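The values are calculated or read from the model by the stated rules, or taken from the named source; none is laboratory data. Remember, predicted model here, so these are calculated numbers, not experimental data. Please note: Cβ atoms are built from the backbone with ideal geometry, for glycine as well, and neighbour counts cover all protein chains shown. Just so you know, the surface numbers come from the protein's heavy atoms only, side chains and all, with ligands and any DNA or RNA stripped out. Shrake-Rupley method; radii C 1.70, N 1.55, O 1.52, S 1.80 Å.
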Amino acid sequence: MIILGIETSCDETAAAVVENGQKILANVISSSESFHKRFGGIIPEKAAREQIKYIIPVINQALKEMAVTSKNQRGLIDAIAVTAGPGLIGSLLVGVETAKTLSFLFQKPLIPVNHLMGHIYANFLELTNLPQLPAICLVVSGGHTDLLLMNKNHTFKHLGGTRDDAAGECFDKCARMLGLGYPGGPVIQKAAFKFHSGKQAIINCKVKLPRPMMYEKNFDFSFSGLKTAVLTLVRSKKKFSHLSIQQFNNLLAFEIQEAISDVLTYKTLKAVEKFQVKSVLIGGGVAANQRLRKKLQAKCQKLPIKLFVPPAKLCTDNAAVTAATAFFQNQPVNWRYLKPNPSLYFLKSLSTNLKPKYSA
Ligand code: KG4
Ligand code: ZN
């Protein structure tokens, strides 16, 4: 089954073609990130306007790439998948309305996809041995931090999530406080690496940030306090007058990354212990973080479970994961009734089956 995936939940305009939920035949992404860098965050209206400009060229490019990488010269597609939520409403509308139009014009099934599930199914792409289930899934993106149990039949149970800021949001806001730029995760990772690899690591100058909710007996997270603790340190910069601004930033970046990755690793492993799973799957932009990957790998290799980590380019937003999710969760809807849902979360109340609900 060949699925054309469309993803426009945030600032990316993406289209991809995936065969049987696993083989990527084309994966095209256009991002307005460089524009948004100037403002330290996303301006939703601007993101949506860029998506209107690029959606058709991006889909065309994906179909062209597919013709080159596969023998499918006529560009035959079996179904169209689209991210229906969560995300920015203006951005989601661009993808959803485009997908609806294509579904109507070409009489192809239309499959709505929960973007958060997309981050999980990134782990099913380009593999010969698929992850064994049940699995614990950690979804860590700019807007979400969720721990889930994925059952053998691909249903999900929500175990916990952030009570306030998401891990990615914490990276982004801390980076902004340090004046490091946007998006925060990659710049904090880079600054932390400079601290760790340079002489600075051995200078006796440490800061300790809290590990919020780490030892609480639940699977919830909270990152807003961490952000406040960073702000307090930034305001007390004078105490670190022996350090240059760059050294100070690197030191803080290191500790921010340690705090976030410690909490995420600890709670994920607690869930593994409790549910006796066979695999751990991570996804979302923050899953690209090298330190987090290393810590999870170190813990998982001592256990009879396998850690799945998508390549960095499949952690951040893309449409290949949308097409893969549509294949595994295949729930087509009539195009007339599909509306984007900006707050389509992994809700606690939807404890057994998180397939998105659409009124038909
Ligand atoms: O999944 P994603 O691309 O978009 C959302 O669905 O939100 O995630 C974006 C988030 C941003 O907060 C960004 O700072 C973070 O992922 N991120 C990282 C890294 N790369 C992206 N966080 C930590 N380390 C990274 N290397
Ligand atoms: Zn995402």
Exercise for the section: Compute log10 of I(q)/I(0) for segment 107-216 with the Debye formula, placing one identical point scatterer on every Cα and leaving out solvent, at q = 0.13, 0.15 Å⁻¹, to two decimals. Expected result: -0.73, -0.89
Exercise for the section: Could you calculate, for the chain, the ratio of the Cα radius of gyration to the Kirkwood radius, expressed as Rg to Rh? Expected result: 0.99
Practice task
Return the calculated 222 nm mean residue ellipticity for the chain, to the nearest 500 deg cm²/dmol, obtained by summing -39500 (n - 2.57) across DSSP H runs with n ≥ 4 and dividing by the residue count.
Solution key: -13000 deg cm²/dmol
Exercise for the section: Filter the GluC sites (Glu not before Pro) in segment 206-265 down to the DSSP loop ones having no more than 10 other Cβ atoms within 10 Å, then list what survives. Expected result: none
Fill in the blank from the handout: Taking 0.36 nm per residue of separation between Glu273 and Glu45 and subtracting their Cα-Cα distance, the length gained on full extension comes to 77.7 nm
Problem - Gaussian network model of the chain, Cα within-10 Å springs - most flexible of Leu130, Leu92, Leu25 - result: Leu130
Exercise for the section: For segment 176-193, take each phi angle, set θ = phi - 60°, evaluate the Karplus expression 6.51 cos²θ - 1.76 cosθ + 1.60, and give the result in whole Hz per residue in order, putting x for glycine and proline. Expected result: 5, 4, 8, x, 8, x, 9, x, x, x, x, 6, 5, 4, 5, 5, 4, 5
Completion exercise
Log entry: pair-distance distribution for segment 1-125, C-alpha pairs binned every 5 Å from zero, whole % per bin is 2, 12, 21, 24, 21, 12, 5, 2, 0
Handout entry: Candidates Thr128, Thr316, Thr83: whichever shows maximal mean-square fluctuation once the chain is modelled as a Gaussian network with Cα springs under 10 Å
Key = Thr128
Exercise for the section: Could you work out which residue, out of His119, His196, His242, moves most in a Gaussian network model of the chain, that is, has the largest mean-square fluctuation with Cα springs under 10 Å? Expected result: His242
Fill in the blank from the handout: Spelling it out for Leu180: with amide H atoms placed in the peptide plane at 1.01 Å from N, the residues 5 or more places away or on another chain with amide H under 5 Å from its amide H are none
Fill in the blank from the handout: One quarter of the C-alpha convex hull surface, i.e. the mean projected area of segment 182-315 in nm², amounts to 9.1
Fill in the blank from the handout: For Ile80, the accessible surface traced by a 1.4 Å probe with all protein chains present amounts, in square angstrom to the nearest 10, to 10
Exercise for the section: Please go through the residue pairs Lys173/Lys294; Lys267/Lys339; Lys23/Lys100; Lys53/Lys313 and name each one whose alpha carbons sit more than 32 Å apart in this structure. Expected result: Lys267/Lys339
Problem - Rg to Rh quotient for segment 262-319, alpha carbon positions, Kirkwood Rh - result: 0.97
